[in-house]
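Chemist: Quick one: the structure is below, questions incoming.
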Number of protein chains: 2
Amino acid sequence: MDKNKPIIVRYGEIGVKSPKVRKRFERKLISNIKTLIDGKIVLEQGRIFLFPENYEEALESLKKICGVVSFSPTVSTETNYDSIKATVQDYIKDLIEKGQFSIEKSFAVKCRRVGTHDFSSREMAGFCGAAVVDLTGAPVDLSNPDFRLFVEVRDDKTYLYHEKIDGVGGLPIGTQGRLIALVSGGIDSPVASYLMMKRGCDLTILNFNNCPYTSGSSEKVVKIYEKLKEYSAGSDLRLYQVNYGDFLKKCKDEAPERMTCVLCKSGMYQIAEKLAKRENALAIVDGSSVGQVASQTLPNILATRYSTSIPVLSPLIGLDKLEIAEIGKKIGTYDISILPDSGCKAAPKHPETNAVLEKVLEVKKAINMDEETEKVFSSLHEIDLDSE
Amino acid sequence: MDKNKPIIVRYGEIGVKSPKVRKRFERKLISNIKTLIDGKIVLEQGRIFLFPENYEEALESLKKICGVVSFSPTVSTETNYDSIKATVQDYIKDLIEKGQFSIEKSFAVKCRRVGTHDFSSREMAGFCGAAVVDLTGAPVDLSNPDFRLFVEVRDDKTYLYHEKIDGVGGLPIGTQGRLIALVSGGIDSPVASYLMMKRGCDLTILNFNNCPYTSGSSEKVVKIYEKLKEYSAGSDLRLYQVNYGDFLKKCKDEAPERMTCVLCKSGMYQIAEKLAKRENALAIVDGSSVGQVASQTLPNILATRYSTSIPVLSPLIGLDKLEIAEIGKKIGTYDISILPDSGCKAAPKHPETNAVLEKVLEVKKAINMDEETEKVFSSLHEIDLDSE
């Protein structure tokens, strides 16, 4: 731990909350960071200053903590001309050695100040710029520089940095309550889950094992769970499964064939609601996107959600497949999702795309939907993570 | 109209639909394009070839048609070596004159082929590359060129282009059914509306006039309507308003003060559902985003949606404020949304953030919510677009 090399951590929307909410969010963000990173943490004027035990590990961990908008490795010094000049020159020397600063390329210094000083931000930027020119002779270009040095003066401490590394953004996980996330092995549902974690929600993942209509292997969903877990610092990410094959068989045997997918999705919501009660969750999240596949028409969305009394949140509802895949690639779930699997053999050749609510309710009654979903729910179990 | 200068229009997800659905979507996309662009349209092998009367206007219009993924102004010729060589050289000469091709910068030719020819795609790319070198002497760089020339050989026709202009993406508007869009003058709801149009939905916009708790001016919502209308080619984008002030007064007078926002949002959904019945709409869309403001906590989302039996789609539910603002800027609603307005003076100083469903239902009963929302709905009217 180097007391002169804090990482400055920026968080965004917390800033606009009321002081009370803000305090609660900041405390949660810091406690989430602490679950991953050992070291000292100081909160000051809307910034977190992190002095990690293991610097490189901390930089990697910060990229996956919900609520962190960006962060910068810094070098700090006392706020006085001599030490600032010396520190700026050492900072640049070090970058030249690493090949990250070239005396032939242009640079600019940007300065921000908090507190009262006998210089303006502009004067300090000029002073630091001169120190760099003294050392390197590199050309200054304020409008379109190749390299930017940031000088942040905070009262009697001054911080130098040149990198602003993107975090996940959003809100600290654990500040918004728990959701039941319907997660399959596909591309969409892991992305939907991630987006809601990013908005501060704890998740309980619910997976439906459609065996014998699928291979019954839980390998993909376990891999997705483990990938999502990387973004869940400070939250208890849970993973449950129910056996859904018998229910699907009943749908296929006793309901009109084209209605299998509608009944399947409808059942998922009803079972998720049961789990929500047990988990004190307040809503369901799924990967629905209007018009993407046959089951995701507006009439089907209406009919499948009708019997569910808690909200179904569908963060992908307005996104294109390409946009969803892009997020999946960024967070690392996409490569797992595209691993080959058997697909679901329960789906009929011509699934209903224009479900009529009254008809669906009638069929649900005929197949004893409430009783059947209760039966499915009684098969709820955790997936053994080690056996996969 | 130049028969040798078609614009190639690409559409995306339609490609993955069943042949029947695909045909329906293609027909709708073409008819949507025709509402904005005069000229000839040819559909061939998953591409639309557009021969517009007014070329420049057509390029602008295509940027705002839902379902168009990208498009390219092209020059076409017969598929034979002599005419391809001559056309390539004319094409490059023209670009040099316009300053869009420099003989000092590197280039590459990419070729795609549909049909049977006595050359491979690679051979044709090489042939065209040699024609450019003959003319200009410019250096070829296949891995990282400054300029790319695309050659698309389709049977006996060959098309040249160098630009791929982004469209809106998504699905043709009018293929998914109608939604009721709750639109205020804020940043979020116009973006949410846009995303659902992009996914192929027709919209009926519903605005709540909170006068006397706001100025009562409809100027902003009319401007937002007109901006959204630019993306609605082929759809009848409707705009309605209800008078909400009396209802808000009743809430303030007769319900616990901190519950005003919860009752307000809850009432909006109930009234939107009434309008949905009249408009044959299948769901509601709004700009909710978890945790963004006091009213958007999970307990409040649950309580406000409980009495609504059609789905509420919230495409922004998993996005950060910055991400939402970015989309708003791209589509041009953001600048309207940030115009100063009076805000809503009905909001209490400490709004409920942890609504308890049972309590909310109790209060709704006490203030005769069902009767009151019926009263509000009877004030439904169109906003006079010219008077604003």
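The values are calculated or read from the model by the stated rules, or taken from the named source; none is laboratory data. Remember, it's a predicted structure, so these values are computed and weren't measured experimentally. Cβ coordinates were reconstructed from backbone atoms using ideal geometry, including for glycine residues, and neighbour counts include every protein chain displayed. Just the protein is used for accessible areas: all its heavy atoms, side chains included, with ligands, DNA and RNA removed. Shrake-Rupley method; radii C 1.70, N 1.55, O 1.52, S 1.80 Å.
Chemist: Out of all the residues in segment B:318-340, is one or more touching a residue at least 40 places away in the same chain (Cβ under 8 Å), open to solvent by less than 30 Å² (accessible area, probe 1.4 Å) and under 23 Å from A:Pro172 (Cα atoms)?
Modeler: yes
Chemist: Can you name every residue in segment A:1-24 that is open to solvent by less than 80 Å² (accessible area, probe 1.4 Å) and touching a strand residue (DSSP E or B) at 6+ places or on another chain (Cβ under 8 Å)? Show your work before the answer.
Modeler: Filtering segment A:1-24 for residues open to solvent by less than 80 Å² (accessible area, probe 1.4 Å) gives A:2, A:4, A:6-15, A:17-18, A:21-22.
Within segment A:1-24, A:Asp2, A:Asn4, A:Pro6, A:Ile7, A:Ile8, A:Val9, A:Arg10, A:Tyr11, A:Gly12 qualify.
Chemist: Among the residues of segment A:305-337, write down those that are facing another protein chain (nearest Cβ under 9 Å) and over 20 Å from B:Gly287 (Cβ atoms).
Modeler: A:Tyr306, A:Ser309, A:Ile310, A:Lys321, A:Leu322
Chemist: Among the β-branched types (Val, Ile, Thr) and under 25 Å from A:Leu50 (Cα atoms): is that true of A:Thr158 in this structure?
Modeler: For A:Thr158, the condition - among the β-branched types (Val, Ile, Thr) and under 25 Å from A:Leu50 (Cα atoms) - is met.
Chemist: Ok, one more. For B:Leu29, state whether it is within 14 Å of chain A (Cβ to nearest Cβ), among the hydrophobic types (A, V, I, L, M, F, W, C) and touching a residue at least 60 places away in the same chain (Cβ under 8 Å).
Modeler: yes
Chemist: Let me ask another. Consider segment B:1-23. How many of its residues are touching a Ser or Thr at 6+ places or on another chain (Cβ under 7 Å) and within 14 Å of another protein chain (Cβ to nearest Cβ)?
Modeler: 1
Chemist: So, in segment B:51-82, exactly how many residues are small (Gly, Ala, Ser) and free of Cβ contacts under 8 Å to residues at least 60 places away in the same chain?
Modeler: Of the residues in segment B:51-82, 1 are small (Gly, Ala, Ser) and free of Cβ contacts under 8 Å to residues at least 60 places away in the same chain.
Chemist: Among the residues of segment B:338-354, are any in contact with a Leu (Cβ under 8 Å, 6 or more places away or on another chain) and either within 12 Å of chain A (Cβ to nearest Cβ) or part of a helix (DSSP H, G or I) (or both)?
Modeler: Within segment B:338-354, not a single residue is in contact with a Leu (Cβ under 8 Å, 6 or more places away or on another chain) and either within 12 Å of chain A (Cβ to nearest Cβ) or part of a helix (DSSP H, G or I) (or both).
Chemist: Right, next: Going through B:Leu36, B:Leu43 one at a time, which residue ends up being open to solvent by 60 Å² or more (accessible area, probe 1.4 Å), more than 28 Å from B:Ala130 (Cβ to Cβ) and touching a strand residue (DSSP E or B) at 6+ places or on another chain (Cβ under 8 Å)?
Modeler: The conditions single out B:Leu43.
Chemist: OK, next. Is there a residue being among the β-branched types (Val, Ile, Thr) and within 30 Å of A:Phe25 (Cβ to Cβ) anywhere in segment B:292-299?
Modeler: Within segment B:292-299 (the criterion being among the β-branched types (Val, Ile, Thr) and within 30 Å of A:Phe25 (Cβ to Cβ)), the answer is yes, since at least one residue qualifies.
Chemist: Of B:Glu163, B:Glu123, which residue is acidic (Asp, Glu) and more than 15 Å from B:Thr79 (Cα to Cα)? Steps first, answer last, please.
Modeler: On the way: B:Glu123 fails: more than 15 Å from B:Thr79 (Cα to Cα).
It is B:Glu163.
Chemist: Could you tell me which residue of segment A:355-388 is most open to solvent (accessible area, probe 1.4 Å), considering only residues that are in contact with a strand residue (DSSP E or B) (Cβ under 8 Å, 6 or more places away or on another chain) and in a loop (DSSP other than H, G, I, E, B)?
Modeler: Restricting to residues being in contact with a strand residue (DSSP E or B) (Cβ under 8 Å, 6 or more places away or on another chain) and in a loop (DSSP other than H, G, I, E, B), the top hit is A:Leu385.
Chemist: Oh, and also: Are any residues in segment B:199-217 more than 18 Å from B:Cys264 (Cβ to Cβ) and either over 20 Å from the mean Cα position of the chain (by Cα) or not assigned by TED's automatic domain parsing to the domain that holds B:Cys261 (or both), and if so, which ones?
Modeler: Listed by number, the list holds a single entry, B:Ser217.
Chemist: Is it the case that segment B:111-120 has a residue that's among the β-branched types (Val, Ile, Thr), more than 18 Å from B:Glu78 (Cα to Cα) and either within 38 Å of the chain's Cα centre (by Cα) or open to solvent by less than 80 Å² (accessible area, probe 1.4 Å) (or both)? Reasoning before the result, please.
Modeler: Keep residues of segment B:111-120 that are among the β-branched types (Val, Ile, Thr), which gives B:114, B:116.
So of that shortlist, the ones also more than 18 Å from B:Glu78 (Cα to Cα) come out as none.
No, the conditions are met nowhere in segment B:111-120.
Chemist: Could you please give the count of residues in segment B:74-86 that are in a strand (DSSP E or B) and crowded, with 19+ Cβ neighbours inside 10 Å?
Modeler: Qualifying residue count, segment B:74-86: 2.
Chemist: What tally of residues in segment B:164-177 results from selecting those that are open to solvent by 10 Å² or more (accessible area, probe 1.4 Å) and more than 8 Å from chain A (Cβ to nearest Cβ)? Spell out the reasoning first.
Modeler: Step one: filter segment B:164-177 for residues open to solvent by 10 Å² or more (accessible area, probe 1.4 Å), giving B:164-168, B:174-177.
Checking the rest, the ones that are also more than 8 Å from chain A (Cβ to nearest Cβ) come to B:164-168, B:174.
Of the residues in segment B:164-177, 6 are open to solvent by 10 Å² or more (accessible area, probe 1.4 Å) and more than 8 Å from chain A (Cβ to nearest Cβ).
Chemist: Tell me the residue from A:Arg10, A:Arg27 that is among the basic types (Lys, Arg) and not in a strand (DSSP E or B), please.
Modeler: Values: A:Arg10 fails: not in a strand (DSSP E or B).
Result of the check over A:Arg10, A:Arg27: A:Arg27.
Chemist: With the requirement that a residue be of a type in the set (A, V, I, L, M, F, W, C) and touching a residue at least 12 places away in the same chain (Cβ under 8 Å), what does segment B:125-147 give you?
Modeler: B:Ala125, B:Phe127, B:Cys128, B:Ala131, B:Val132, B:Leu135, B:Ala138, B:Val140, B:Leu142, B:Phe147
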